[in-house]
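Contents: one structure, followed by commentary.
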Amino acid sequence: MTMRSWPSHARRALTAAGTTAVLVVGLLTGAGPARAATEGPCDIYAAGGTPCVAAHSTTRALFASYNGPLYQVQRASDGMSQNIGVLSTGGIADAAAQDSFCAGAECSITRLYDQTGGGNTLVYQGPGGTGGADTAATATTEAVTVNGRKAYALYIKPGNSYFAYNSAGGVPTGSSPEGEYMVTSGTHVNNGCCFDYGNTEIDHKADGNGAMDAINFGTECWFGGCSGTGPWVQADLENGLFSGGSRTWNPNQVSQTSRFVTAMLKNNGTTQMALKGANAQSGSLTQLYSGSLPGGWNPMHKQGAVILGSGGDCCQTNRNASAGTFYEGAMVKGYPSDATDAAVQANIAAAGYSTITTPFVPGAKVSLRATTSCCTGDYLQHDTGDDKVGIAPVTPGSSALDKGNATWIVRVGLADSTCVSFESANAPGSYLRHYAFQLHLQPAAGTGQFAADATFCVKPGNSGTGYSLQSLNYPAKYLRHYRLTGYIASNGGANTWDNPSSWTQDSSWLAVSPWG
């Protein structure tokens, strides 16, 4: 049986109501109600006598009692901003709120709020932010799960960085003792200067030895003689990245290549510092260095501003060259004990950081199921009578032809290797593409235009469920079903199929086991 036709008076997609469909393959969204945390890293630090003076995260609350915003996102299309908070007190970020606000638009992370209430909120170092040459990081580059729930990382590329300074914010200055940690990634790094989190100059200038006290994470070998390829946890004390207590390479350094990494630095400001690292998903901390401060960098001369993603002399007249990922971090007053450090690492491991698996692996077969409440038994498929693509039901009793027409082979994006294209399982060599904004199945033409029209970038579901498929050459438009027909459509616009009613649901798909 061929796929049914698409009459103009056919049923229209309705706004989803009730419980959304469960994702069968791929994205982990968690199950059950979000529960408040019983303890956060900053509660542990406080119990150890070293309270947090700055606490930042895009993924979770760092205090059990925190119920405020974690970060702010801004849409490029209209300049509007929205704060993203937690699902419950002390809990995980409300990623669905970001998905809803950013659906169909490019979004950036413009602020990371200080959860301590001390006013050390990080703002991007560029026009419209704290001023300077940098820009805000894209908000949707990387999604992860924390305790099984989706959250977004702050994925910093060269040219992205953040800064805060509040003279009354309580960040240690001069030679006062200080501790810091961050959760970062061992797989998104470079050797550019300098992926830092911590204490920095207030004037965006390199003000001499000891003016900074920040964790550095990357593959940069400042003084030479490094062993291994990194990335390493080092200390940026200004005018140098230190693997230990001198300009000589510390032989106890260990490359931290885990997908999620805990990086720690503590410095008593006059005589001693320590560096530690760990897999943030499990296990205990490795002490990389504990000993005297480098000669010429003691005592410290900290100024009390906060940096993330760049060195201290950024970014008024230059741009940050480093790359890295930030999930969470805090700065504390005092020199934390080893027991406190260990307890913080245990808390991080218990938070359950994990990557989101995806079914969109080149060579895999997949079927795409509609999520709108009207159409949860319908799948994206092509008609054997013409080249149009839309949605229609598929059941175990459907013909092999119908099942095959609703099955797609994932291919590396024809126009962009970071995205995907969909080849028909029933018509080898023919791909899903848009033409005049409608979806068609056509043989690969070998042109740049065809390749772009047939390339889609996988994004978290616009409705908070499943996945959305963004058009490569029309990035404000996503693959959508409307009146049973497939289109690329924006959330509002001049075309009938851009109707905003149920757009987020119509443009969100479950990637399920292939029918054919």
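Overview of results
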read-out	value
Qualifying position, being small (Gly, Ala, Ser), open to solvent by less than 10 Å² (accessible area, probe 1.4 Å) and more than 22 Å from Ile307 (Cβ to Cβ), among Ala235, Ala278	Ala278
Enumeration of residues in the stretch 346-357 that are closer than 20 Å to Thr58 by Cβ and of a type outside the set (Phe, Trp, Tyr)	Asn347, Ile348, Ala349, Ala350, Ala351, Gly352, Ser354, Thr355, Ile356
Subset of the stretch 187-229 that is open to solvent by less than 10 Å² (accessible area, probe 1.4 Å) and assigned to a loop (DSSP other than H, G, I, E, B) - its residue that is nearest to Ser258 (Cα to Cα)	Phe195
Long-range neighbours under 7 Å by Cβ, at least six apart or interchain, first residue over 19 Å from Gln82 (Cβ atoms) within the stretch 124-146, second open to solvent by 30 Å² or more (accessible area, probe 1.4 Å) and of a type in the set (A, V, I, L, M, F, W, C)	Gly126/Ala133; Val144/Ile356; Thr145/Leu28; Thr145/Ile356
Candidates Ala36, Ala13 - the one that is surrounded by 15 or more Cβ atoms within 10 Å (Cβ to Cβ), at pLDDT below 50, of a type in the set (Gly, Ala, Ser) and under 17 Å from Ile348 (Cα atoms)	Ala36
Candidate set: the stretch 468-504, residues that are of a type in the set (Ser, Thr, Tyr), open to solvent by less than 20 Å² (accessible area, probe 1.4 Å) and part of a strand (DSSP E or B); chosen: the one modelled with the lowest pLDDT	Ser468
Test: residue in the stretch 92-114 that is surrounded by fewer than 24 Cβ atoms within 10 Å (Cβ to Cβ), acidic (Asp, Glu) and free of Cβ contacts under 8 Å to residues at least 12 places away in the same chain	yes
So Ser5, is it open to solvent by 70 Å² or more (accessible area, probe 1.4 Å), among the small types (Gly, Ala, Ser) and either modelled with pLDDT of 50 or more or in a loop (DSSP other than H, G, I, E, B) (or both)	yes
Positions within the stretch 443-456 being assigned to a strand (DSSP E or B) and surrounded by 17 or more Cβ atoms within 10 Å (Cβ to Cβ), in sequence order	Phe456
Enumeration of residues in the stretch 313-350 that are assigned to a loop (DSSP other than H, G, I, E, B) and β-branched (Val, Ile, Thr)	Thr317
Complete set of residues in the stretch 359-392 that are within 15 Å of Ser513 (Cα to Cα), assigned to a strand (DSSP E or B) and not hydroxyl-bearing (Ser, Thr, Tyr)	Lys365, Val366, Leu368, Arg369, Ala370, Asp378, Leu380, Gln381
Filtered residues of the stretch 329-381 (kept if at pLDDT 95 or above, polar (S, T, N, Q) and either farther than 30 Å from Arg483 by Cβ or under 25 Å from the mean Cα position of the chain (by Cα) (or both))	Ser337, Thr340, Gln345, Asn347
Count of residues meeting criterion [farther than 18 Å from Val410 by Cβ and among the small types (Gly, Ala, Ser)] in the stretch 432-466	6
Hits in the stretch 406-439 (condition: open to solvent by less than 50 Å² (accessible area, probe 1.4 Å), in contact (Cβ under 8 Å) with a residue 60 or more places away in the chain and over 29 Å from the mean Cα position of the chain (by Cα))	Ala406, Thr407, Ala425
Only one of Thr110, Thr20, Thr58, Thr89 that is at pLDDT below 95 and among the hydroxyl-bearing types (Ser, Thr, Tyr)	Thr20
Inter-residue pairs, beta-carbon under 8 Å, first without any contact (Cβ under 8 Å) to a residue 40 or more places away in the chain and in the stretch 206-219, second surrounded by fewer than 18 Cβ atoms within 10 Å (Cβ to Cβ), 6+ apart	Thr219/Asn190; Thr219/Asn191; Thr219/Thr229
Test: Lys276 is basic (Lys, Arg), in a strand (DSSP E or B) and touching a residue at least 24 places away in the same chain (Cβ under 8 Å)	yes
Residue check for Thr376: among the β-branched types (Val, Ile, Thr), surrounded by fewer than 18 Cβ atoms within 10 Å (Cβ to Cβ), more than 30 Å from Val183 (Cα to Cα) and touching a residue at least 40 places away in the same chain (Cβ under 8 Å)	yes
Selection from the stretch 115-141 of residues that are open to solvent by 20 Å² or more (accessible area, probe 1.4 Å) and either in contact with a helix residue (DSSP H, G or I) (Cβ under 9 Å, 6 or more places away or on another chain) or of a type in the set (Asp, Glu) (or both)	Thr116, Thr140
Residues (open to solvent by 20 Å² or more (accessible area, probe 1.4 Å) and not in a loop (DSSP other than H, G, I, E, B)) located in the stretch 61-85	Gln72, Gln74, Arg75, Ser81, Gln82, Asn83
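The values are calculated or read from the model by the stated rules, or taken from the named source; none is laboratory data. Bear in mind the structure is a predicted one, so any value in this text is a computation, not a measurement. Note that each Cβ is placed from the backbone with ideal geometry, even for glycine, and that neighbours are counted across all protein chains shown. Just the protein is used for accessible areas: all its heavy atoms, side chains included, with ligands, DNA and RNA removed. Shrake-Rupley method; radii C 1.70, N 1.55, O 1.52, S 1.80 Å.
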